[in-house]
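Read through the structure below, which is laid out as structure tokens, and then see the notes.
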Amino acid sequence: MKFFVFTIFPHFFDCFKETGIVARGIEKGLVSVEAINLRDYAKDKHKTVDDVVYGGGPGMLLKPEPIFEAYDDLKRKGHNPYVLITEPWGRRFNQEFAKELSEKEEVLIICGRYEGVDERVKSIVDEEVSIGDFILSGGEPAALVIMDSVIRLIPGVVGDENSLRVDSFSDGLIGYPNYTRPAEYKGMKVPEILRSGDHKKIALWRRWKQIEYTYKKRP
Ligand code: SAH
């Protein structure tokens, strides 16, 4: 799977690409993440990517030309990505959305900045996506969130695929509680059943906890 990101801050993605599961997925050749600097596609000598808003009002907007130029360049190189743009009012991102994206071959995420992007950019966009009802100062943190959750779902990226199966939201329930050593800490004990070695009972207990916790925390 290939991710492309249009951004004016490509270095935002360096640490992301170098770390943990994402880095492993890239190393294994299962996914690539290419942050494309919109400034490289600005035509004027000052490499301007933003401009004032028609009709007045505060702030600046990302200009259409660098975005269209960068998109045309991707197309010329033979790519045909599914195109997302980050918008606070977009389709709310969730696990189901992540699953849908994990089945695409190529995804482009256009990151807004300032007051957002020129509306004409929407003519190349398949979906607007939001990571929640709050305002970020740019689409980059949203793109990180989206890519991280999608990359986990690409077969082979997460070492033990069973861990995907028990992730919260994978079957409508949240995850069960887990413990590690020591068996007792500050007077708090690990539930006896988890130390019993009875795998049938443990599975049942975990299922019950998933139902209980879903009811309590996410009814
Ligand atoms: N003035 C705009 C907000 C601009 S925030 C408004 O009132 O709606 C700057 C950019 O950050 C946006 O263009 C968008 O790309 C990104 N962004 C902000 N909040 C976001 C969110 N909750 N989810 C996804 N992207 C967001």
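Some observations on this one:
- D72 passes every criterion in (1) open to solvent by 30 Å² or more (accessible area, probe 1.4 Å); (2) in contact (Cβ under 8 Å) with a residue 60 or more places away in the chain apart from (2).
- Answer residue from region 126-147, given it is within 17 Å of K2 (Cα to Cα) and open to solvent by 10 Å² or more (accessible area, probe 1.4 Å) and is nearest to the ligand (Cβ to nearest atom) among those: V145
- Unmet requirement for Y114, which otherwise passes all of (1) near the ligand (Cβ under 10 Å from one of its atoms); (2) open to solvent by 40 Å² or more (accessible area, probe 1.4 Å); (3) of a type outside the set (V, I, T); (4) within 17 Å of the chain's Cα centre (by Cα): (4)
- Hey, I109 under 16 Å from the mean Cα position of the chain (by Cα) and more than 8 Å from the ligand (Cβ to nearest atom) or not: yes
- Selection of region 171-185 for residues being loosely packed, with under 15 Cβ neighbours inside 10 Å, under 16 Å from R218 (Cβ atoms) and in contact with a Lys or Arg (Cβ under 9 Å, 6 or more places away or on another chain) yields D171, P177.
- Checked against (1) farther than 27 Å from G20 by Cα; (2) within 11 Å of the ligand (Cβ to nearest atom); (3) open to solvent by 10 Å² or more (accessible area, probe 1.4 Å), V121 meets all criteria but (3).
- Strands (runs of 3 or more DSSP E) (entirely within region 31-103) containing at least 3 residues that are within 16 Å of the ligand (Cβ to nearest atom): 50-52, 60-62, 82-92
- Of everything listed in (1) over 13 Å from the mean Cα position of the chain (by Cα); (2) assigned to a loop (DSSP other than H, G, I, E, B); (3) within 16 Å of the ligand (Cβ to nearest atom), the single unmet condition for G175 is (3).
- Test: residue in region 18-32 that is touching a helix residue (DSSP H, G or I) at 6+ places or on another chain (Cβ under 8 Å) and open to solvent by 60 Å² or more (accessible area, probe 1.4 Å): no
- Index of the failed condition, V117 passing every other in (1) in contact with a helix residue (DSSP H, G or I) (Cβ under 6 Å, 6 or more places away or on another chain); (2) in contact (Cβ under 8 Å) with a residue 40 or more places away in the chain: (1)
- Residue satisfying all of: in region 186-219; among the hydroxyl-bearing types (S, T, Y) and within 30 Å of F93 (Cα to Cα); most open to solvent (accessible area, probe 1.4 Å) among these: Y215
- So V150, is it buried (at least 17 other Cβ atoms within 10 Å of the Cβ), within 16 Å of the ligand (Cβ to nearest atom) and in contact (Cβ under 8 Å) with a residue 40 or more places away in the chain: yes
The values are calculated or read from the model by the stated rules, or taken from the named source; none is laboratory data. Keep in mind that what you see is a predicted model, and the values were worked out from it rather than measured. Because the Cβ atoms are built from the backbone with ideal geometry, glycine has one as well, and the counts that use them run over all protein chains shown. Side chains are part of the model used for accessible areas, which takes the heavy atoms of the whole protein and leaves out ligands, DNA and RNA. Shrake-Rupley method; radii C 1.70, N 1.55, O 1.52, S 1.80 Å.
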